[in-house]
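Please treat every number below as a calculation from the coordinates, not as lab data. Quick caveat, the model's predicted, so the values are computed rather than measured. When we count neighbours, we look across all protein chains shown, and the Cβ atoms used for this are built from the backbone with ideal geometry, even at glycine.
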Amino acid sequence: MQQRKWDYSVLIMDLSPRVLILCSLLYSVAGQAPVVSVVPGAATVRQGESSSFRCQVGSGAQPVQLEWKRANNQPLPDNAKIGPDGSLLTIANARPGNQGQYRCVGINSAGRSSAQAVLNVKYAPKVRVTPPGPLRVRIGEAVSVDCQATGRPRPTLSWKRQGSTLQLVTKETNDVNTIQWPAVRPEDSGVYTCQAENNEGMTEVKVEIIVEGGLGAPVATVSATEMTVVEGHTVTMECQASGSPSPVITWSKLRAPLPWKHTVAGGVLTLTSVGRQDSGQYICNATNIHGYSEAYTQMEVDSPPYATCLPDQVRLQPGDALRLQCLAHGSHPIQFTWTRLGRAGMPAGTETTKDGRLLIAHVRQSDGGTYKCVASNHIGSSEAVAKVTIKA
Ligand SMILES: *[C@@H]1O[C@H](CO)[C@@H](O)[C@H](O)[C@H]1NC(C)=O
């Protein structure tokens, strides 16, 4: 390029100096990237207002094409409009998210350049309270509620209690204003308001705190906190509740539905013909407007053993090993005893174990017969037999 420009100068050397200067000036403009600027460089609007920026081309070879972008190369928001010649950017009905930098890029055959402008959007605070109300807490519990707000300029936060002018103790860290009680009392019940204020406006969010367990709150009691019953029997569990107004009593079972054969009447839960699977924790829940109270009954269902022999028939040759296992389900502990029907004692060398096994390492012809296992626990007993045949 530089070289060609020199050539031109030589070619037109015989022309007057004025013409020469003009020609070389035109040539250098024609080979130049655009120079753009944006006016105004910064603008501040309120939420809902509009703002425009104009991109001006100072110099550079024509034609210059103009493009608008967000500074981070994100696409323009959907409320941004660009005028027909590309120079005018208008943000209509500005939102808080429109705040930021906008970049105008000028492009021609020689290159590109850009200039930026900043849009500030002021807005009234937006407030968020966590956890949101209403908050039901038990008397004596620790409670804390966080209030956070966004807004421009940055809002100031405060907590107030409805119907009270008393100063509340709050804590502010990292733009979160927290109201807290190490242990709530019934008189702390009420409506609390978090207020966020900046010069665009004031916003508040209310949270209701209900302290349960005060005067009139239910207190449930069960007639027995633990009970052990025998399989097949009918069980009743009683629950009484104090409180005003008179609490409503419901029964449930921990992590399971109530047994199929149950009835509830006047706070009494009746389970007919209980099985082992009905063992577990039963919960009485007494509820009124002041709160609720739970009381628990742990029930165990005991069952007599039910025994089986494994195998229940076996054929062996003299010298083989005899292995029998007595199995039983029912409430623990279960004891096992082995006998041989019609014989006074067990063959010599018979070993038995606590968990119901019987072993004869080398059987003899005379060891055949019927072996009986009796499984017993504190409820009852059950027996099972195995037939042992020994043939040479
Ligand atoms: C007892 O009732 C209260 C209020 O209705 C409820 O929040 C709670 O989960 C209940 N408890 C059980 C174990 O069902």
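Would you please name the residue that is surrounded by the fewest Cβ atoms within 10 Å (Cβ to Cβ), looking only at residues in the stretch 338-364 that are of a type in the set (Lys, Arg) and part of a loop (DSSP other than H, G, I, E, B)? Across the stretch 338-364, the extreme among qualifying residues is Lys354.
Name the single residue that is surrounded by the fewest Cβ atoms within 10 Å (Cβ to Cβ) among those in the stretch 290-306 being away from the ligand (no atom under 11 Å from the Cβ) and of a type in the set (A, V, I, L, M). In this case the residue turns out to be Met299.
Scanning the stretch 270-296 for residues that are over 35 Å from the mean Cα position of the chain (by Cα) and under 12 Å from Glu238 (Cα atoms) turns up Thr270, Leu271. When Gln116 is tested against (1) more than 18 Å from Val207 (Cβ to Cβ); (2) surrounded by 19 or more Cβ atoms within 10 Å (Cβ to Cβ); (3) in contact with a Phe, Trp or Tyr (Cβ under 9 Å, 6 or more places away or on another chain), exactly one condition is not met: (2). Does Val105 count as assigned to a strand (DSSP E or B), within 39 Å of the chain's Cα centre (by Cα) and of a type in the set (Val, Ile, Thr)? In short, no. Among the residues of this structure, Glu226 does not count as one that is more than 16 Å from the ligand (Cβ to nearest atom) and more than 36 Å from the chain's Cα centre (by Cα).
Annotation: of all residues in the stretch 263-289 being of a type in the set (A, V, I, L, M, F, W, C) and more than 13 Å from Ile249 (Cβ to Cβ), the one that is surrounded by the most Cβ atoms within 10 Å (Cβ to Cβ) is Leu271. Checking each residue in the stretch 81-102 for being in a strand (DSSP E or B) and more than 38 Å from the chain's Cα centre (by Cα) picks out Lys81, Ile82, Leu88, Leu89, Thr90, Ile91, Tyr102. Within the option set Gly216, Gly140, Gly190, being more than 16 Å from the ligand (Cβ to nearest atom) and in contact (Cβ under 8 Å) with a residue 60 or more places away in the chain holds for one residue only, Gly140. If you take the residues in the stretch 247-289 that are of a type in the set (Val, Ile, Thr) and free of Cβ contacts under 8 Å to residues at least 24 places away in the same chain, which one is farthest from the ligand (Cβ to nearest atom)? Top of the filtered list is Thr263. Here Ala348 passes the criteria (1) more than 16 Å from the ligand (Cβ to nearest atom); (2) of a type in the set (A, V, I, L, M); (3) in contact (Cβ under 8 Å) with a residue 24 or more places away in the chain except the one numbered (3).
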